[in-house]
Amino acid sequence: MTLADERLRKLDNSSLTGNERVPLRCRIAADLIHKGQYEAAREALGELWQGIGQRPDVGELPPMTAAEVLLQCGALTGWLGSAGNVAGAEEKAKDLLTEALRIFLSQGEYKKASEVQYELGICYWRLGSHDEGRVMLREALEPLQDADLELKAKILIRLALVEIWENRYYTALSILKEAEPVFKYANDALKGRWHSQMALVLIRLAPVEGNNDYTDRAIIEFTAAIYHYELAGHERYCALNLNNLAMTLYKLGRHREAHEHLDRAQLIFTRLKDTGNLAQVDETRARVLVAERKYREASRIIASVIKTFEAGGESALLADALALQGIIWARLGGLDSSANIIRRAMEIAQQSGAHTQAGQAAMTLIEEHGATWRLSVSEVVKVYMRAHELLKGTQDADDIARLQACALKVIQRVSGMQLYEKNFTFYGAVQELEARLIEQALELEGGSITRAAKRLGIKRQSFSQMLQSRHKNLLDKRTPPKKRLRSIIKESKE
């Protein structure tokens with residue numbers, strides 16, 4: 001019997017007063033949330049739980065008890081919202097947690113405030129606001145003492161995950177090593193988290209260090225994480241690590257094994273009705289299918305994934321999925337649609353603060369379309385500079401290699417198409433030169449089609465037809481056409 005089970009039995013004690021029962025409900029819920037048993041945590045809160053994002057009735061409760069209720073309802077709102085892909089859940093969770101934070105700080109309860117900031121940091125991370133998440137988690141660490149080892153370790157592990165998402169792997173590794181001493185005494189759920197994050201760091205450091213042993217160690221760490229999560233009864237995190245292990249195997253070209261682990265993860269999330277995490281498993285499967293050149297099957301899966309992420313508002317995940325859809329559409333021949341969806345991925349990621357995902361989407365746009373006339377030379381240059389700025393602090397070997405390859409594509413585009421190039425065509429060279437001259441004319445004339453046509457020495461109608469037919473990607477360079485005013489004087493009838 002677990003500690004949570006023992007506490008649930010205590011709730012049946014009829015001699016408990018209201019002031020005793022509410023804190024007990026909160027302690028049980030906190031234990032269940034930590035183990036990923038969100039539905040059980042909701043039941044443990046009983047009448048305190050009004051629904052996802054709903055403010056509990058705490059008017060008659062003492063300040064500290066009220067803050068504790070708000071903390072657990074806010075944390076559970078975030079986790080259930082993510083699992084159920086509930087739109088707006090993270091913002092509502094932040095509102096509840098912020099109210100709890102104000103109360104704890106007003107009471108001088110700085111350790112409890114750190115617990116709230118830990119949950120707030122997770123909310124920001126799920127929304128893709130990595131900078132805000134990092135700040136919140138670092139603030140949570142400041143008041144903690146040596147005796148607060150477990151909470152400190154939880155915060156450090158979450159902070160490491162933020163750094164991993166921003167490709168700061170050495171920073172994440174140092175954080176995990178700082179948290180390591182506590183794990184001799186930690187519970188299985190916490191041990192699972194540490195092994196999981198260590199695996200993520202190692203798999204990304206393997207190409208940086210040129211050390212294949214890191215990859216083997218990462219597989220061992222993922223396996224250890226799954227083992228500890230199974231012991232803790234933490235099915236969700238067990239399935240998440242099955243997904244991460246599948247991603248590792250896919251990158252190694254071991255596609256059949258990857259599908260096997262994805263099947264296991266899919267079964268767990270389907271049983272738990274966890275649509276958010278199920279979508280992440282499907283996104284990984286789509287990547288494996290792309291590697292296997294099964295583009296139509298991958299297209300069907302990624303379309304469903306995007307709908308899920310759009311509904312849930314998790315911008316970083318959505319941006320990754322949109323960029324993958326762009327790759328798939330390019331492989332299937334839908335080149336214009338592909339370029340547009342990758343541009344959308346860039347904007348969504350950058351607007352949410354997910355700089356790494358924005359930079360990766362920018363590189364994808366250059367990789368898939370930078371060598372063709374669908375992207376003008378100036379756009380190729382601008383997109384590359386954007387990727388370079390967004391990823392300037394990356395420690396990811398794959399991203400560094402991709403940036404270098406993209407730089408070469410940019411140089412080739414700027415220098416113009418050459419006769420000796422493998423894909424040279426006379427028509428393509430003419431199209432590229434034509435696009436470059438049209439773009440320059442529009443920029444020099446402030447977007448005026450009439451003046452740009454005159455500068456090029458061609459008729460306005462011919463210029464407009466060229467834009468509409470061969471160079472649609474330059475249409476946004478023109479000033480919007482003005483509607484012609486109708487005469488207020490009616491023509492006389494003879």
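Here are some notes:
- Directionally averaged projected area (convex hull, Cα atoms, region 428-476), nm²: 3.0 nm²
- Rel. contact order, % - alpha carbon contacts under 8 angstrom, at least six apart, region 428-476: 26 percent
- Counting all C-alpha pairs of region 148-204, share separated by more than 15 Å (%): 36 percent
- Percentage relative contact order, the chain, counting C-alpha pairs under 8 Å, at least six apart: 9 percent
- Size-normalised alpha-carbon gyration radius of the chain, reference 2.2 N^0.38 Å: 1.17
- The three principal axes of the C-alpha atoms in region 222-329 carry coordinate ranges of 42, 32, 21 Å, sorted with the longest axis first.
- Along its three principal directions, the equivalent ellipsoid of region 322-418 from the Cα gyration tensor extends over semi-axes of 19, 17, 11 Å, largest first.
- Over the chain: helical MRE at 222 nm, DSSP H runs n ≥ 4 each giving -39500 (n - 2.57), nearest 500: -24500 deg cm²/dmol
- Structure note, pairs Lys251/Lys294; Lys152/Lys177; Lys382/Lys472; Lys154/Lys177; Lys191/Lys392: Cα-Cα distances above 21 angstrom occur for Lys191/Lys392.
- Rounded, prolate or oblate (a/c below 1.5 giving rounded, otherwise prolate when a/b exceeds b/c) for region 29-109 by Cα gyration tensor: prolate
- Based on the Kirkwood approach, the hydrodynamic radius assigned to region 1-144 is 15.3 Å, with every pair of different Cα atoms included.
- Cleavage-rule hits (chymotrypsin sites (Phe, Trp or Tyr not before Pro)) in region 163-227: DSSP loop, at most 12 neighbouring Cβ within 10 angstrom: Tyr185
- For region 100-159: rounded, prolate or oblate by the Cα gyration tensor [a/c cutoff 1.5]: oblate
Only the coordinates and a few stated rules stand behind these numbers; no lab work does. Values in this document were obtained by computation on a predicted structure and should not be read as measured data. Note that we place each Cβ from the backbone using ideal geometry, even for glycine, and neighbour counts take in every protein chain shown.
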